[in-house]
């Protein structure tokens, strides 16, 4: 009888003896680089896949880092990992042999849809900050569903959840996913839609690299959050969605608010409102106190008005007395001046005669002065009279337009001119 360890050891020895070092070609899948430096991945083709390991001392000699979907050629040793009984290939040498067909198809589809503008940032919609209901498109058996439900319950248990079940792997999975998304869009009861699946190889995620699914996501009236695979996994669905999350759990986190954060914000706002309310109340109370100090009892106001009225009455009486006294003193003063104004009529007539004589004298002197000035002005005006100049033998020449001619050069031969004399005038023609 053999133990499990002995059985696995014998199987490993048989495999290593039966298969010498050989070259195997295939497509890189599920590539992982461990903290120890060892590489773990699978090589696959259309028919099968096999686990591989390339230890650190071997992969340090490579000048490239294997990527998902890369077509490679590996020199391997067929062996068995005894601890788990896993059949695997120990890779001694690895070299590129071209890009894998699955990854190549992924790149072609991505380029096509990108040119159509399906991935444009302008068409991306904002995710609802406070959703009432969230839809989840995934498999009912997927671990991702439990992760999402657990995260939503922890962050915001009041959010209702609607599950649209669909296969996430295998033949027909892409069609089911696209149909579930269209159904959610037609229902229109969700604020946000989460498309989710756990990690896997590029083949496992092939349903999320389907063109029909990408178009269903883009045409969905509900904002879509895509949480497919691990942080390093990218699918066509990620680019078509309104928001990509690195994992299903992260998708649930970005699609839902955190109630703890909301509580903190609410408490902060509550404190601010309380402070503002207290400040407003204190301010109003101070204003009421100020108004209260200004309020006077009606009886006090009446007493105050009566005192003021008596004060005004005393001032009025005093003013009247002063006015009467002033009038009396003025009357007495006028009575004292009245006797001096009562003169005899003959004295007044003498004063009038004296004033009349002075006025006549002033008029005569003024008329004489004005007459002399008028005579001087008349003599000056006579000297300036043009007729007086003409009377002395001078004449005035005017052209046809009646303008005085002072320069003979201005006259043209044959021009008509008029000559004015002291007495009369004559017409003349200028000779050449």
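With springs only between Cα atoms under 10 Å apart, run a GNM on the chain and tell me which of 70, 359, 54 wobbles the most.
Greatest mean-square fluctuation among the candidates belongs to 359.
Gain in length, residue 349 to residue 263, computed as 0.36 nm per residue apart minus the alpha-carbon separation, to one decimal in nm?
So the extension gain works out to 19.2 nm.
How much FRET efficiency would the formula 1/(1 + (r/R0)^6) give for residue 362 and residue 334, where r is the Cβ-Cβ distance and R0 is 41 Å, rounded to 0.05?
0.70
Which residue, 90, 185, 292, tops the fluctuation ranking in a GNM of the chain built on C-alpha contacts under 10 Å?
292
If you average the sequence gap of Cα pairs under 8 Å that are 6 or more apart and divide by the length of region 168-263, what percent do you get for the contact order?
Relative contact order here is 28 percent.
Hey, what did region 1-72 get for relative contact order, percent, Cα under 8 Å, at least 6 apart?
The value is 28 percent.
Based on other C-beta atoms within 10 Å, arrange 64, 55, 41 from fewest to most.
64, 55, 41
Nearest 500 deg cm²/dmol is fine: what mean residue ellipticity at 222 nm does the chain get from its DSSP H runs of n ≥ 4 alone, each adding -39,500 (n - 2.57), divided by its residue count?
-16500 deg cm²/dmol
Which ordering of 124, 58, 403 is given by a fewest-first count of other beta-carbon atoms within 10 Å?
In increasing order of surrounding Cβ atoms, one gets 403, 124, 58.
At what distance in angstrom do the alpha carbon centres of region 291-305 and region 112-174 lie from each other?
Here the two parts' Cα centres lie 74 Å apart.
Take residue 316 and residue 150, extend 7 Å from each Cα along the Cα→Cβ direction, and tell me the distance between the two endpoints in nm.
9.8
Using only the alpha-carbon atoms, how far is helix 101-115 inclined from the longest principal axis of the chain? Give it as 0 to 90 degrees, nearest 10.
Its long axis makes an angle of about 20 degrees.
Looking at the chain, send over the antiparallel percent of its DSSP beta bridges, to the nearest 5.
Percent antiparallel among DSSP bridges in the chain is about 65.
If you average the alpha carbon positions of region 226-270 and of region 1-61, how far apart do those two centres end up, in angstrom?
37
Does anyone have the angle between helix 298-341 and the longest principal axis of the chain? Alpha-carbon axes, 0 to 90°, nearest 10?
20
Any chance you could list the semi-axes, whole Å, largest first, of the equivalent ellipsoid that the Cα gyration tensor gives for the chain, using √(5λ)?
Result for the chain: semi-axes of 125, 57, 21 Å.
As a footprinting exposure proxy, order 39, 23 by other Cβ within 10 Å, with the fewest listed first.
23, 39
Just to confirm the number: angle between the C-alpha axis of helix 259-294 and the first principal axis of the chain, 0 to 90 degrees, nearest 10?
Compared with the principal axis, the helix lies near 30 degrees.
Using alpha-carbon pairs under 8 Å, 6+ residues apart, how would you state the relative contact order of the chain in percent?
In percent, rounded to a whole number, it is 9.
Anyone know which of 73, 400, 211 comes out most mobile in the 10 Å Cα GNM of the chain?
Largest GNM mean-square fluctuation: 400.
What does the highest-first list of 362-372, 257-267 look like by mean Cβ count within 10 Å?
257-267, 362-372
What FRET efficiency comes out for the pair residue 410/residue 379, r = Cβ-Cβ distance, R0 = 25 Å, nearest 0.05?
For residue 410 and residue 379, the calculated efficiency is 0.10.
Every number here is computed from the coordinates shown, using simple stated rules; none is lab data. Just so it is clear, the structure is predicted and the values come from calculations on it, not from any experiment. Cβ: placed from backbone, ideal geometry, glycine included. Neighbour counts: every protein chain shown.
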